[in-house]
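Working notes, structure below.
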Amino acid sequence: MATVPEAKEALNKFKMEAASEVGVNLKQGYNGDLTSKQAGSVGGQMVNVMC
């Protein structure tokens with residue numbers, strides 16, 4: 001799968017903004033210490049904004 005660097009950067013920025021909105025502290029890189037609830041909150045917020 002080819003990756004578009006601009007799209008990857010934009011999605012990471014979007015993810016960080018969504019995490020901030022729901023009160024989850026993300027760091028650059030690996031975030032394996034997040035609970036499923038926290039990760040789901042971030043993903044859910046991203047979906048809500050996209051729809």
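Straight-line cross-link partners of Lys8 among the aspartates and glutamates, defined as a Cα under 17 Å from its Cα and at least 8 positions apart when in the same chain: Glu17. For the chain, the spread of Cα coordinates along the three principal axes comes to 30, 26, 18 Å, biggest extent given first.
We did not get these values from a lab; they are worked out from the coordinates using the rules stated. Everything quoted here is computed from the prediction, not taken from an experiment.
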